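To keep things clear, I will list the structure first and then write my remarks on it.
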Amino acid sequence: MKVGRSALAAAAMASTGDELPSAAAANKAVRTDRERRCVDETLPDALTLARMETKMKIVRYQAADGIYYGVESEDRIERIAGDPFQIIERTGEVDPLSDIQLLCPVDRPRIFGVAYNYREHTSESGKEQPTLPVLFMKPSTAASGNGDAIEYPCDGEIVHYEAELVAIIGKGGRHISKEDALQHVLGYTCGNDISDRIIQRQESKFGCLLAGKGYDTFAPMGPAIVTDLDPTDLDVILRQNGMVKQSGNTRDLVYSVADIVAYLSRFMTLLPGDVIMTGTPAGVGPIQLGDELEVEIPGIGILKNPVVAASHRA
């Protein structure tokens, strides 16, 4: 069954050879493909077709014979052809959930972050309330998936967790209106914006924010992209070793998902597969080696990541 989707969230969501391409060539290919899809107006009306299906839980996963996207249902995954950013076409092949490994929902995504987007978190940080979305980016190499380890830097001193709702762009565009913004969102997942506060504060003195949030493994996301959710009323919970440390709701966002999508698109073209970490509620705190972190958003699932020592030493 084929389901077109430029915005499943608003309406109802390598092959290997003997020689591997360079990272630059691979990234260029990903960008070129996403940019092409962004402007392709020949695709079916995904909003209309998406109504044919109920809420979907879309996962990216490693099976015995390769990496695939699929639609999870109970204890099984129905494979889809290609990725979910144009047409969701089931291939008829099914993988038992017990036989696969979940991966980061998007491969090598552009990661946008929004700082100080919950009023209580802004207050606990000692900052003034923002008068516009405070944006930053994390490198694609920071992305990781459910079950992947968060690597604690060898010289880290104060490293914090930040539970977040993550929006996944499905249909790219520029100058998107707030009214149309959610039609460009494929779905939502859980995220943890891990942050080295010492580096972050040093950077912030000079008006920048990158390295402190940009370590490899500092943007775990998952376990799935869930469509047909209302992003204005979702609980965001973080547990550290089983204890609740953060408990907020997206009702308290200063800037909604629609606000952020519209604002970002004023300045740049959004691409299918872009991810937006929408901010963290109050209760951020330090992580330690050996911690087990869980980010739960009911309706999406639970993102689980252990904290381990980074293998590289400065």
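The values are calculated or read from the model by the stated rules, or taken from the named source; none is laboratory data. If you're wondering where the values come from, they're calculated on a predicted model, not measured in any experiment. Protein only, heavy atoms only, side chains kept; ligands, DNA and RNA dropped before computing areas. Shrake-Rupley method; radii C 1.70, N 1.55, O 1.52, S 1.80 Å.
Remarks
- One Cα centroid belongs to the range 265-314, the other to the range 60-134; the line between them spans 11 Å.
- With all protein chains kept in place, the per residue accessible area of the range 174-231 amounts to 39 square angstrom at a probe of 1.4 angstrom.
- Anisotropy class of the range 73-223 from Cα gyration tensor, a/c 1.5 cut: oblate
- Stretched out straight at 0.36 nm per residue, the stretch from I198 to D216 would grow longer than its current Cα-Cα span by 4.8 nm.
- Surface composition of the range 53-192: carbon plus sulfur atoms contribute 45% of the solvent-accessible area (1.4 Å probe, protein chains only, all chains present).
- For K57, the accessible surface of its heavy atoms amounts to roughly 70 Å² (probe 1.4 Å, protein chains only, rounded to the nearest 10).
- Most to least accessible of D196, D233 (protein chains only, probe 1.4 Å): D233, D196
- In order through the range 146-151: 3J(HN,Hα) via Karplus (6.51 cos²θ - 1.76 cosθ + 1.60), integer Hz, x for Gly, Pro: 4, x, 6, 6, 8, 8
- Checking the Cα-Cα distances for K138/K178; K138/K304; K205/K304; K55/K304; K55/K127 against a 29 Å cut-off, the pairs over it are K205/K304; K55/K127.
- For the range 217-313, alpha-carbon Rg over 2.2 N^0.38 Å: 1.22
- The 1.4 Å probe gives accessible areas that order Y263, Y188, largest first, as Y263, Y188.
- Within the accessible area of the range 227-283 (1.4 Å probe), percent carbon and sulfur: 47
- Once the chain from A64 to L97 is taken as fully extended at 0.36 nm per residue, the excess over their C-alpha distance is 10.7 nm.
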